Amino acid sequence: MSIRTNIKMPSSWRLSVPMLALALLMSVGSLPALAQSNPAPAQGDKVELVGLTTRQPSADSPPQDVQFEATINYRLTSVSSGTVLLFLFENSSDQSTQDSSNAIPVQQGSGQMVLDINYTLRPEVKTLTLVAGLFKGEKKLLAWVSTNAIDMGPWPGRVAFEKAMAARLDNDFTTADQLLTQAIQEAPTTGNFYYWRGDTRIRMNSYADAAADFDQAIQLMPDDRPSRVGRGIAHLWLGDVQAALDDLNFAIDKGTSPDRISAWAYRARGLARTSLGDSTEAISDYQAYLSLTPNASDRAQVEGWIADLSS
């Protein structure tokens, strides 16, 4: 096990890379396993684990090698500088072990960092727990957050889901759709499977079917912002602009801090407002999208939209 502190700040958010997911932590923006943190005053020191996904480190990596991507928000007010450390605890039937990242220095104020954690799955490990801590120096704990124990046992639909994600990486969306349907048949109450099939069907231009999948994902995960963005995009393509705005507003308003989910919601809401002839608000949304994604591959296209609306 190794925790590699490959820090990526918000300017390097990657918006189009599908990510494999692990156990209950399979939906970006939906983290039901994040249940423990220390109490903190409203304006006190705070650390939050706001995103946790996994993927294979590379296309040719062994199946047992995974890479966690943890998104951490922090707020430091009590001292001028501190450190953030990430701990990974693994528990087998007879012992517990831990590993930690290097101390990552932070300054007073608020910020966000994204950390990669390389891990090799081992059959004797029953559960994993991820803990993020905010420290004064490296010894005095100021704030912390922990996932619940993540069950490492096999879960229904896992094999089909992982194959579907591999097919998506190859842009084989037809195969991905079939495999996600298989995963749903094996685990019909796993909301994340519906989210990914909905996203896959958006890419196949099957907007009505995608909307139905996002409906099911939201029924199972009512506060899942990515599913709201997906359904908003589906409604937009189906011509139901008001339904699209309702979902996109939800995704933006429910975000605790600007993130890539907000970015995509702003972009889609800009399109919705353009269709309504609301040029000023559309431009504002497009600019918000570009400010959150300075390296967006479609920057020239969106800037063109702004120029057209401005003229």
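Quick test for you: out of 118, 148, 102, pick the one residue that is surrounded by fewer than 20 Cβ atoms within 10 Å (Cβ to Cβ), under 29 Å from residue 188 (Cβ atoms) and at pLDDT below 90.
Among 118, 148, 102, only 148 is surrounded by fewer than 20 Cβ atoms within 10 Å (Cβ to Cβ), under 29 Å from residue 188 (Cβ atoms) and at pLDDT below 90.
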For this session: Take the residues in the range 208-246 that are touching a helix residue (DSSP H, G or I) at 6+ places or on another chain (Cβ under 8 Å) and of a type in the set (Asp, Glu), then tell me which one is nearest to residue 181 (Cα to Cα).
Result: 213
Exercise. Restricting attention to the range 126-182, which residues are over 20 Å from residue 53 (Cα atoms), assigned to a helix (DSSP H, G or I) and touching a Ser or Thr at 6+ places or on another chain (Cβ under 8 Å)?
Worked result: 173, 177
Exercise. Residues of the range 246-294 being under 24 Å from residue 48 (Cα atoms) and basic (Lys, Arg), which ones?
Worked result: 254, 260
Seminar exercise, completed: By residue number, the members of the range 183-239 that are among the charged types (D, E, K, R) and either assigned to a loop (DSSP other than H, G, I, E, B) or closer than 22 Å to residue 254 by Cβ (or both) are 199, 213, 215, 223, 224, 225, 228, 231
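Looking at the structure I just gave you, is residue 263 in contact with a helix residue (DSSP H, G or I) (Cβ under 9 Å, 6 or more places away or on another chain), of a type in the set (A, V, I, L, M), in a helix (DSSP H, G or I) and modelled with pLDDT under 95?
When the stated conditions are applied, residue 263 passes them.
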Problem set entry | Every residue from the range 177-186 that is farther than 17 Å from residue 212 by Cβ and hydrophobic (A, V, I, L, M, F, W, C) | 179
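Residues in the range 292-302: is at least one surrounded by fewer than 16 Cβ atoms within 10 Å (Cβ to Cβ), in a helix (DSSP H, G or I) and of a type in the set (Ser, Thr, Tyr)?
First, pick out the residues of the range 292-302 that are surrounded by fewer than 16 Cβ atoms within 10 Å (Cβ to Cβ): 294-295, 297-301.
If we keep only those that are in a helix (DSSP H, G or I) as well, we get 299-301.
Add one more test, that the residue is of a type in the set (Ser, Thr, Tyr), and what stays is none.
No: zero hits.
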For this session: Specify the residue that is farthest from residue 132 (Cα to Cα); the eligible residues are those in the range 62-79 that are among the polar types (S, T, N, Q) and surrounded by fewer than 20 Cβ atoms within 10 Å (Cβ to Cβ).
Result: 64
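The values are calculated or read from the model by the stated rules, or taken from the named source; none is laboratory data. It should be emphasised that the depicted structure is a prediction, and the values quoted were computed from it without experimental measurement. Note that each Cβ is placed from the backbone with ideal geometry, even for glycine, and that neighbours are counted across all protein chains shown.
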